[in-house]
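The values are calculated or read from the model by the stated rules, or taken from the named source; none is laboratory data. Quantities reported herein were computed from a predicted structural model and do not represent experimental measurements. Every residue, glycine as well, gets a Cβ built from its backbone with ideal geometry; the counts of neighbours run over all protein chains shown.
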Amino acid sequence: MKAKLILVCTMGATLLALSACSAVIQTDGDIEQTDIGVVKQIAIDSSHDGQEIEVPAGQLLVIALESNPTTGFKWELSEPIDEGSLALIQSKYEPGEQAKQDPPIPGAGGTELWTFETLTAGEAIISMGYSRPWEGGEKAARTFNLTVIIR
């Protein structure tokens with residue numbers, strides 16, 4: 001079983017001298033959580049599409065979805081999130097191993113990482129589409145939907 005390690009570090013503005021890291025081990029289709037220090041997070045991938053997960057408030061959800069910006073496609077929220085329940089912390093693209101080779105393999109893809117924080121108890125839906133933004137009105141080539149029950 002392949003495992004992927006995602007490392008997230010945070011630093012509070014009032015506690016500049018202190019920081020905490022949390023490592024999440026993402027395996028094929030399983031959600032695993034580890035806690036190192038203060039921050040807790042849950043790794044989610046495309047195998048969780050259409051599912052419902054239950055998490056406590058104050059956790060980070062990191063959604064990792066395959067992406068290839070060389071094709072013009074990217075992931076976007078297809079519906080606004082409930083900002084009272086979830087906060088979008090960050091979305092970024094990380095090139096895959098083939099794109100990091102020297103020389104890089106042309107057209108190699110990677111992963112988009114979307115980090116959300118659960119805020120208050122309730123239910124929130126994360127709906128995303130993988131499309132070319134300039135093709136307005138074009139349906140997403142792929143979709144991802146996750147229902148988050150925050151306790």
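Structural remarks
- Screening segment 83-109 for residues that are polar (S, T, N, Q) and without any contact (Cβ under 8 Å) to a residue 40 or more places away in the chain and picking the one that is farthest from residue 57 (Cα to Cα) gives 101.
- Residue 88 satisfies every condition listed in (1) surrounded by fewer than 16 Cβ atoms within 10 Å (Cβ to Cβ); (2) part of a loop (DSSP other than H, G, I, E, B); (3) among the aliphatic types (A, V, I, L, M) except (2).
- Residue match in segment 68-81 (condition: assigned to a helix (DSSP H, G or I), at pLDDT 95 or above and surrounded by 14 or more Cβ atoms within 10 Å (Cβ to Cβ)): no
- Residues of segment 91-132 classified as surrounded by fewer than 12 Cβ atoms within 10 Å (Cβ to Cβ) and touching a strand residue (DSSP E or B) at 6+ places or on another chain (Cβ under 7 Å), total: 2
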